[in-house]
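Each remark here refers to the structure printed beneath this line.
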Amino acid sequence: MKNEKEQSGVMTSPETGNKRPLILIANDDGYEAKGIKALIEMVRDMGDIIVCAPDGARSGQSRAFSTNVLTLKHVRSEPGLVIYRCSGTPVDCIKMAYSELCPRRPDLVLGGINHGSNASTNAQYSGTVGIAIEAAMKGMPAIAFSLCDFNPDADFAPMTETVRRITSEVLSEGLPRYVCLNVNYPLTGRVRGLRYCRMARGHWRKEVEKRQHPGSGADYYWMTGFYQCDEPEAEDTDDWALAHDYIAVTPLTVDLTDYTYLAKTKGE
């Protein structure tokens, strides 16, 4: 592994001999997805990049990790870039890269670019957001990027300025410990700006559909349904921002404690 990493240029900048920022990238759509390829190119000049991504689609994996045998395969190396594919979940990819691939602690971890929205409390299911939270749990600054377009051939180019701007800011200023950013880009021809906002509250409806096999006639079940925002008029939420053509940036923390309720139990 060491020789591979050195040859790829992830150790030092060939121009200065100094360490450049080390950026670790993963996703939940698979290492061959268009979104992760776009993300790599958007930040290619901003640091040395290690990519460790699933060998296939792992959407909806959230923060799941594997308890069985995993494989890690080298895909290719170029100056300043090395790419691996992993047989596990998005979180497995971060654990694997952090333990086996990174020559030092990454300066930044990026997830995405996801094909589809990861806004609102629905983000709890997201493997892309799971990447950022796993990194934050390890004390590393992290950003999850998503485009509100589920098309496998989606156009990610409009996100370039936003990705580079936020990535640059976090590289230079960092984030509070155990905090990561969830960035969702609207599917629109006219972005009105960027808003920092909270998660909208919502839930899924009609999640299970009973079907009948056309051959055997046996019953089976299909996970389906649709997401419903419970507060569509709340202007401080990510759902509202996206519905009104704004880029939504939501700071997330790994601490799930409800401090308001906790204070009530203590009579404060």
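The values are calculated or read from the model by the stated rules, or taken from the named source; none is laboratory data. Keep in mind that this is a model prediction, so the values were computed, not measured. All Cβ positions, even for glycine, are placed from backbone atoms using ideal geometry, and neighbour counts span all protein chains on display. Each accessible area value is taken on the protein alone, full model and side chains, heavy atoms only, with ligands, DNA and RNA left out. Shrake-Rupley method; radii C 1.70, N 1.55, O 1.52, S 1.80 Å.
Considering lysine pairs in the chain that are 8 or more places apart or on different chains, how many have Cα atoms under 26 Å apart?
Total qualifying Lys-Lys pairs in the chain comes to 23.
For the chain, modelled as a GNM with alpha-carbon contacts under 10 angstrom, which of His244, His115, His213 fluctuates the most?
So, out of His244, His115, His213, the one fluctuating most is His213.
Beyond 32 Å, what share of the Cα-Cα pairs of the chain remains, rounded to the nearest whole percent?
Values: 9265 of 35778 pairs.
Cα-Cα pairs in the chain separated by more than 32 Å: 26 percent.
Given a 1.4 Å probe and every protein chain left where it sits, what share in percent of the accessible area of the chain is carbon and sulfur?
With neighbouring chains kept in place, the figure for the chain is 50 percent.
Which angle from 0 to 90°, rounded to the nearest 10, does the C-alpha axis of helix 34-43 make with the longest principal axis of the chain?
Tilt relative to the chain: about 50 degrees.
Just for the Cα atoms in the stretch 74-174, what are the lengths along the principal axes, largest first, rounded to whole Å?
Result, largest extent first: 34, 32, 29 Å.
So who's got an amide H within less than 5 Å of the one on Asp149, skipping anything under 5 residues away but keeping other chains? H placed 1.01 Å off N, in plane.
Gly116, Ser117
Report the residue, chosen from Val254, Val69, Val51, that carries the largest GNM mean-square fluctuation when the chain is represented by alpha-carbon nodes joined by springs under 10 Å.
Val69
Any chance you could give the angle, 0 to 90 degrees and rounded to 10, that helix 160-173 forms with the longest Cα principal axis of the chain?
Tilt of helix 160-173: around 70 degrees.
Let me check against my output: what whole-number percent is the relative contact order of the chain, with C-alpha pairs under 8 Å and at least 6 apart? Could you put the intermediate results ahead of the total?
Working: 606 pairs, mean separation 45.6, N = 268.
Relative contact order here is 17 percent.
If you place +1 on the Cβ of every Lys and Arg, -1 on the Cβ of every Asp and Glu, and leave all else neutral, what size is the dipole of the chain about its Cα centre, to the nearest 20 Debye?
Working: 30 positive and 35 negative charges, 120 e Å.
Its charge dipole is roughly 580 debye.
May I ask you to compute the full-extension gain from Asn68 to Leu256, defined as 0.36 nm times their residue separation minus their alpha-carbon distance, rounded to one decimal in nm?
Working: separation 188, 0.36 × 188 = 67.68 nm, distance 2.77 nm.
Full-extension gain reported as 64.9 nm.
Across 10 Å bins from 0, what is the distribution of all Cα-Cα pair distances for the stretch 76-117, in whole percents?
For the stretch 76-117, the binned pair fractions read 21, 57, 21, 1 percent.
On a full-extension model of 0.36 nm per residue, what is the gain between Lys210 and Lys34, subtracting their alpha-carbon distance, rounded to one decimal in nm?
Working: separation 176, 0.36 × 176 = 63.36 nm, distance 3.32 nm.
Between Lys210 and Lys34, full extension yields 60.0 nm more.
Under the rule a/c < 1.5 gives rounded, and otherwise a/b versus b/c splits prolate from oblate, where does the stretch 114-268 land using the Cα gyration tensor?
Numbers: a/c = 1.78, a/b = 1.27, b/c = 1.40.
Oblate, because a/c is 1.5 or more while a/b does not exceed b/c.
Between Gly193, Gly139, Gly112, where does the largest GNM mean-square fluctuation fall for the chain, given springs only between Cα atoms within less than 10 Å?
Gly193
In Å, the Kirkwood hydrodynamic radius of the stretch 28-88 over pairs of distinct alpha carbons? Could you put the intermediate results ahead of the total?
On the way: mean 1/r = 0.0805 Å⁻¹.
One decimal place: 12.4 Å for the Kirkwood radius.
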